[in-house]
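Please read the structure below before turning to the comments.
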Amino acid sequence: MKKKLGVNIDHVATVRQARRGTEPIPYLAALAAQRGGADGITIHLREDRRHIQDHDLKEIKKAIKIPLNLEMAFTQEMTQIALRSRPEKICLVPEKRQELTTEGGLDVCRIERALKKAMPGFHAKGIEVSLFIDPVSNQIECARRVGADAIEIHTGAYAQAKGVRRKQEYRRIKKAVEWASKAGLKVNAGHGLDYQNIFGICHIREIEEFNIGHSIVSRALFVGMEKAVREMKRLIR
Ligand code: PXP
């Protein structure tokens with residue numbers, strides 16, 4: 001299976017929002033990522049709209065030919081936006097107002113009933129639903145039970161750990177990925193991955209797609225988006 005790369009372009013919008021101006025333009029970054037070989041574009045429309053704005057969602061959806069993955073909190077507002085705008089995929093994430101970035105995985109088991117109820121609505125619009133979770137077996141089991149199509153394993157702890165701790169985190173992820181794949185879930189992974197730590201994880205067979213944002217946008221400042229994406233794609237392939 002050829003591994004895919006989803007490029008998260010939130011931080012292109014972060015730079016624009018620093019001045020509340022008009023540039024850089026996220027949909028142009030999405031097009032450059034597409035030219036660089038991205039298999040998908042990911043954006044997180046946060047409730048506080050700190051980076052990606054509603055008009056970005058429309059513009060990016062219209063501009064790109066590759067699938068759009070909308071990361072979102074599981075709220076009424078976001079559910080309505082997703083059903084209206086119909087991205088190819090959504091990834092449900094926990095969201096806290098004060099956090100700098102998504103800190104932990106979604107507690108799928110806690111909201112199992114609500115998720116199970118919402119799932120047919122997304123599927124009726126042809127939207128693939130992924131749940132962003134920590135590499136924990138009971139969360140995977142709950143994801144399967146609610147009828148999710150995919151999970152995205154939170155790789156943040158792996159990315160931040162060093163030495164023995166990193167090996168432990170790697171084993172945790174590998175086990176979870178195998179478990180989820182056996183349960184019939186499509187498995188993606190992301191958060192904190194960069195041009196170095198991707199080596200330790202990219203050979204896990206069952207992972208279909210990596211979602212990477214911050215490190216690609218950072219590298220793009222120096223080499224351009226197209227090249228930054230091409231380099232990462234080469235590494236994961
Ligand atoms: N996947 C999910 C669910 C995320 O919330 C994020 C951060 O927006 C990413 C992947 C990308 O993480 P990073 O920007 O650290 O590569």
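The values are calculated or read from the model by the stated rules, or taken from the named source; none is laboratory data. Just so you know, these numbers come straight off a predicted model, no measurement behind them. Here Cβ is always computed from backbone atoms with ideal geometry, including for glycine, and neighbour counts include all displayed protein chains.
Would a scan of the range 170-192 turn up a residue that is of a type in the set (Phe, Trp, Tyr) and within 14 Å of the ligand (Cβ to nearest atom)? Looking through the range 170-192, none of the residues is of a type in the set (Phe, Trp, Tyr) and within 14 Å of the ligand (Cβ to nearest atom).
When the criteria are applied in full, residue 40 meets the requirement of being closer than 22 Å to residue 130 by Cβ and in contact (Cβ under 8 Å) with a residue 12 or more places away in the chain. Could you list, in sequence order, the residues of the range 193-207 that are within 9 Å of the ligand (Cβ to nearest atom) and either under 18 Å from residue 171 (Cα atoms) or buried (at least 17 other Cβ atoms within 10 Å of the Cβ) (or both)? Answer for the range 193-207, where residues must be within 9 Å of the ligand (Cβ to nearest atom) and either under 18 Å from residue 171 (Cα atoms) or buried (at least 17 other Cβ atoms within 10 Å of the Cβ) (or both): just 193. Evaluating residue 29 against the criteria (1) surrounded by 16 or more Cβ atoms within 10 Å (Cβ to Cβ); (2) in contact with a Leu (Cβ under 8 Å, 6 or more places away or on another chain); (3) over 26 Å from residue 185 (Cα atoms); (4) not aromatic (Phe, Trp, Tyr) leaves one unmet condition, (2). Scan the range 153-169 for residues that are aliphatic (A, V, I, L, M) and either away from the ligand (no atom under 16 Å from the Cβ) or modelled with pLDDT under 95 (or both) and the total you get is 1.
For (1) farther than 16 Å from residue 47 by Cβ; (2) of a type outside the set (A, V, I, L, M, F, W, C), each residue gets a yes or a no:
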site	(1), (2)
72	no, no
103	no, yes
124	yes, no
143	yes, no
149	yes, yes
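Among the criteria (1) farther than 20 Å from residue 39 by Cα; (2) of a type outside the set (Gly, Ala, Ser); (3) in contact (Cβ under 8 Å) with a residue 12 or more places away in the chain, the one residue 217 does not fulfil is (1). Filtering the range 208-221 down to residues that are within 13 Å of the ligand (Cβ to nearest atom) and either surrounded by fewer than 18 Cβ atoms within 10 Å (Cβ to Cβ) or of a type in the set (A, V, I, L, M) (or both), which residue is farthest from the chain's Cα centre (by Cα)? Here the residue is 220.
For beta carbons closer than 8 Å, sequence separation of 6+ or different chains, a first residue in the range 82-97 that is within 10 Å of residue 71 (Cβ to Cβ) and a second that is of a type in the set (Ser, Thr, Tyr) and assigned to a loop (DSSP other than H, G, I, E, B), the qualifying pairs are 93/102; 95/102. The criterion of at least 1 residues that are modelled with pLDDT of 95 or more and within 11 Å of the ligand (Cβ to nearest atom) is met by the following helices (runs of 4 or more DSSP H) wholly inside the range 1-109: 10-17.
Annotation note: Cβ proximity below 8 Å between a residue of the range 221-237 that is over 25 Å from residue 1 (Cα atoms) and a residue that is part of a helix (DSSP H, G or I) and of a type outside the set (A, V, I, L, M, F, W, C) (sequence gap 6+ or interchain) occurs for 223/231.
Would you check which residues across the range 110-152 are part of a loop (DSSP other than H, G, I, E, B) and either touching a residue at least 40 places away in the same chain (Cβ under 8 Å) or within 16 Å of the ligand (Cβ to nearest atom) (or both) and list them?
Selection gives 125, 126, 127, 134, 135, 136, 148, 149.
Considering only residues that are small (Gly, Ala, Ser) and buried (at least 17 other Cβ atoms within 10 Å of the Cβ), look in the range 105-155 and name the one that is nearest to the chain's Cα centre (by Cα). For the range 105-155, the residue satisfying everything is 130.
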